[in-house]
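First comes the structure, then the notes that go with it.
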Amino acid sequence: KTVPVTIPEGTTNRQVADLLEYAGICTSKEFLDACSDPQLIGRVFSDWELIPAGEGLLFPDTYNFNRPTPAPKVAERMFRLTRFQLDAIFGPKLSTGLSQYEGCILASIIEKEAAVDSERSMIASVFYNRLRKGIKLESCATVLYAHGKHKERLLFEDLKIDSPFNTYLNAGLPPTPIANFGASSMRAVAHPEQTDYLYFVSDGNGGHRFSKTLKDHNRNANQFFKERKRKNK
């Protein structure tokens, strides 16, 4: 008898480990140890220049496992499904110039930023435009990952956290993915919209407003804050 375990998009490896332990597949510690084993990771991603951290490389899907299953076997199965998707969607190298692993990092940020599936390629275009222009990504999702816990609202003080994952302070991509991402975010990285947008902010209804200039972005942000204040009255 096998047990189905569903790994949602946007989860961290620790969250996946907790799901597996709850399902009785393996312990959380055993799984996290397997996910950080350089030999296991290197076996799956053998052609990559550097053996990366395992964070974000577990493909979100519904798996069926025996109870129990050795943690390395579970981790390798998830890694290999990610590798299969990467080769199918990214190819050996993205046409945008990013390596497969850099594409993984960007896909993880898009996974956490996008609430509306149709906006993923637009969000990808914003991040690509900022990378090309040398503008910091300024992704709130990376700041939340740096803090290691969910917050309903980020304060300006939160944006000052000293972490390589804080893209408000550090230029370029963070050092590793921040979450496990699905095929939709991969496709957005592989095929971003061609736009001049440099900014986006929540529209308060699950989507975002996109803008080309800081002036327009500030206007959109002010509109969002006014609408949120009105709803909270």
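The values are calculated or read from the model by the stated rules, or taken from the named source; none is laboratory data. The shown structure was predicted, so the numbers you read here are calculated from the model rather than taken from an experiment. Here the Cβ positions follow ideal geometry from the backbone for every residue, glycine too, while neighbour counts run over all protein chains shown. The accessibility values were calculated without ligands, DNA or RNA, using every heavy atom of the protein model including side chains. Shrake-Rupley method; radii C 1.70, N 1.55, O 1.52, S 1.80 Å.
In order along the range 122-134, phi translates into HN-Hα couplings of 5, 4, 4, 5, 4, 5, 4, 4, 5, 4, 5, 8, x Hz, rounded to whole numbers, per the Karplus curve 6.51 cos²θ - 1.76 cosθ + 1.60 with θ = phi - 60° and x for Gly and Pro.
Shape index of the range 138-233: Rg/Rh, with Rg the Cα radius of gyration and Rh the Kirkwood radius from the inverse mean 1/r over Cα pairs, equals 0.97.
Placing a label point 7 Å from the Cα of Arg14 along the Cα-to-Cβ direction, the residues of the range 41-82 with a backbone N closer than 18 Å are 53-58. Can you tell me the FRET efficiency between Glu21 and Lys149 if r is taken as the Cβ-Cβ distance and R0 is 25 Å, rounded to the nearest 0.05? Result of the calculation: an efficiency of 0.80. Taking amide H as placed 1.01 Å from N in the peptide plane, the amide H of Lys212 sits under 5 Å from that of Leu198, each at least 5 places away or on another chain.
With 21 Å as the limit, the listed pairs Lys112/Lys151; Lys112/Lys149; Lys151/Lys212; Lys29/Lys112; Lys133/Lys226 have Lys151/Lys212; Lys29/Lys112; Lys133/Lys226 beyond it between alpha carbons.
Over the range 92-177, the alpha carbon radius of gyration divided by the compact-protein estimate 2.2 N^0.38 Å works out to 1.07. Projected onto their three principal axes, the Cα atoms of the chain cover extents of 56, 44, 33 Å, largest first. For the range 1-125, the per residue solvent-accessible surface stands at 48 Å², with DNA, RNA and ligands left out and a 1.4 Å probe.
When the surface is traced with a 1.4 Å probe over the full set of protein chains, Glu193 keeps roughly 90 Å² accessible. Please identify which residues in the range 101-138 have an amide N closer than 15 Å to a label point set 7 Å out from the Cα of Asp216, following the Cα→Cβ vector. Counting only backbone N, you get 122-123, 125-127, 129-130. In the chain, helical runs assigned H by DSSP with n ≥ 4 each contribute -39500 (n - 2.57); averaged across all residues and rounded to the nearest 500, the mean residue ellipticity at 222 nm is -14000 deg cm²/dmol. Taking a point 7 Å out from the Cα of Arg77 in the direction of its Cβ, the residues of the range 9-29 whose backbone N falls within less than 17 Å of it are 16-28. For Ser95 and Ala53, the FRET efficiency from 1/(1 + (r/R0)^6), where r spans their Cβ atoms and R0 equals 45 Å, is about 0.95. For Lys149, the accessible area of its heavy atoms, probed at 1.4 Å with every protein chain present, is near 120 square angstrom. Extension gain for the segment Phe224 to Ser118, taken as residue separation times 0.36 nm less the Cα-Cα distance, is 36.1 nm to one decimal. Considering every alpha-carbon pair of the range 15-55, the percent of pairs per 5 Å bin, from zero through the bin containing the longest distance, is 5, 26, 25, 16, 16, 9, 3, 0. In this simple spin-label approximation, Ser46 and Asn66 carry label points 7 Å from Cα along the Cα→Cβ vector, and these lie 2.5 nm apart.
Per-residue Karplus couplings for the range 159-169, computed as 6.51 cos²θ - 1.76 cosθ + 1.60 with θ equal to phi - 60°, are listed in order as 6, 9, 4, 7, 7, x, 8, 7, 7, 7, 9 Hz, Gly and Pro entered as x. Here the 3J(HN,Hα) profile of the range 73-80, calculated from phi with Karplus coefficients 6.51, -1.76 and 1.60 at θ = phi - 60°, is 5, 5, 4, 5, 4, 5, 4, 5 Hz, Gly and Pro shown as x. As a fraction of the 1.4 Å probe accessible area of the chain, surface on carbon and sulfur atoms comes out at 51 percent.
Tell me the Kirkwood radius of the range 1-113: reciprocal of the mean inverse pair distance over distinct alpha-carbon atoms, in Å. Its Kirkwood hydrodynamic radius stands at 14.4 Å. Near Val3, the amide H atoms lying under 5 Å from its own belong to Phe65, Asn66, Arg67; only residues 5 or more places off or on other chains count, and H is placed 1.01 Å from N.
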